[in-house]
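The values are calculated or read from the model by the stated rules, or taken from the named source; none is laboratory data. These numbers were taken from a predicted model, which means no experiment stands behind them. Glycine gets a Cβ as well: all are built from the backbone with ideal geometry, and neighbour counts include every protein chain shown. Only protein heavy atoms, including side chains, enter the accessible area calculation; ligands, DNA and RNA are left aside. Shrake-Rupley method; radii C 1.70, N 1.55, O 1.52, S 1.80 Å.
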Amino acid sequence: KLLKDWIPTTGDAKDVTVIYDTTLTIDPAKQNYTYYNTFKAGERQGNASYEYWKSGVEKTDGNGESETSTVTSQGELVWKVTVYLDETQRKSLDIQDTLPEGVTLTKLELFHPMRWGGHYWHTMTIGENGTISGNAGNDAAYRVTGNYDSSTNQVKLQVTCKDDADIPTKTTVGFKFTCRAEYTDEVPHTFENSVTVAGIGSATQTQEWTYD
């Protein structure tokens, strides 16, 4: 608080600099959060924000559920992998996804955020021999190469950017895995899907699935 006798009697303005430190209490479960700070001086105020990012991996079902979920469908199962990227500069992302036995990968899509909300979606090509390839244009210009081994249900992907540019920072990039289950017996089946992103982390999601 500034006392009244500080105010110049001549009416001339003076600059005041206030230096202070703050400590953030960060929720370890959050990968991304924006903190806001407001400073008021009389009738004036200034605002600032700090965007926190922590690298990590999230695995969910098609509805965004990361815990064990109960799902019914006519054969389709969906998993999503979201990779959170901090300010670390990277040339590539190396992803290995292990699909459970009894399912077959039928479609693979890459998604990344639009500036104004929502996501861009790009369908990857899966060749008859399991080769995966695709480009994601717009702002990010991602390039995807990889392989789907149907005998082991391993999906290996490498994500890079055109012109040998760094992977974008303080953002997310993800994949949607659409699969087909081989069962039609209307009996519950448990499917666990896990993913590892080299140097960043791993995640697992389980679905209690029933054919309907």
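Among the residues of the range 193-212, those identified as under 29 Å from G118 (Cβ atoms) and either acidic (D, E) or not in a strand (DSSP E or B) (or both) are A198, G199, I200. Of the numbered criteria (1) surrounded by fewer than 16 Cβ atoms within 10 Å (Cβ to Cβ); (2) at pLDDT below 95, the one E192 fails is (2).
Quick check, is S202 surrounded by 16 or more Cβ atoms within 10 Å (Cβ to Cβ), out of contact with any Pro (no Cβ under 6 Å at 6 or more places or on another chain), in contact (Cβ under 8 Å) with a residue 40 or more places away in the chain and small (G, A, S)? For S202, the condition - surrounded by 16 or more Cβ atoms within 10 Å (Cβ to Cβ), out of contact with any Pro (no Cβ under 6 Å at 6 or more places or on another chain), in contact (Cβ under 8 Å) with a residue 40 or more places away in the chain and small (G, A, S) - is not met.
May I ask you to verify whether L85 is within 30 Å of D166 (Cβ to Cβ) and in contact with a Pro (Cβ under 8 Å, 6 or more places away or on another chain)? So L85 passes the test. Answer yes or no as to whether T171 is among the hydroxyl-bearing types (S, T, Y), farther than 14 Å from T60 by Cα and either open to solvent by 80 Å² or more (accessible area, probe 1.4 Å) or in contact with an Asp or Glu (Cβ under 8 Å, 6 or more places away or on another chain) (or both). Against the criterion (among the hydroxyl-bearing types (S, T, Y), farther than 14 Å from T60 by Cα and either open to solvent by 80 Å² or more (accessible area, probe 1.4 Å) or in contact with an Asp or Glu (Cβ under 8 Å, 6 or more places away or on another chain) (or both)), T171 does not qualify.
Close Cβ contacts (under 6 Å, 6 or more residues apart or on different chains) running from residues in the range 88-99 that are of a type in the set (K, R) to residues that are surrounded by 15 or more Cβ atoms within 10 Å (Cβ to Cβ) comprise R90/I167.
Working only within the range 35-79, note down all residues that are at pLDDT below 80 and loosely packed, with under 12 Cβ neighbours inside 10 Å. Matches in the range 35-79: F39, A41, G42, E43, R44, Y50, E51. Residue under question is W116, and the condition is that it be among the aromatic types (F, W, Y), within 26 Å of D163 (Cα to Cα) and touching an Asp or Glu at 6+ places or on another chain (Cβ under 8 Å); does it hold? Taking the combined requirement at face value, the residue does not satisfy it.
Residues in the range 171-192 that are within 12 Å of D212 (Cβ to Cβ) and not in a strand (DSSP E or B): Y183, T184, D185, E186, V187, P188.
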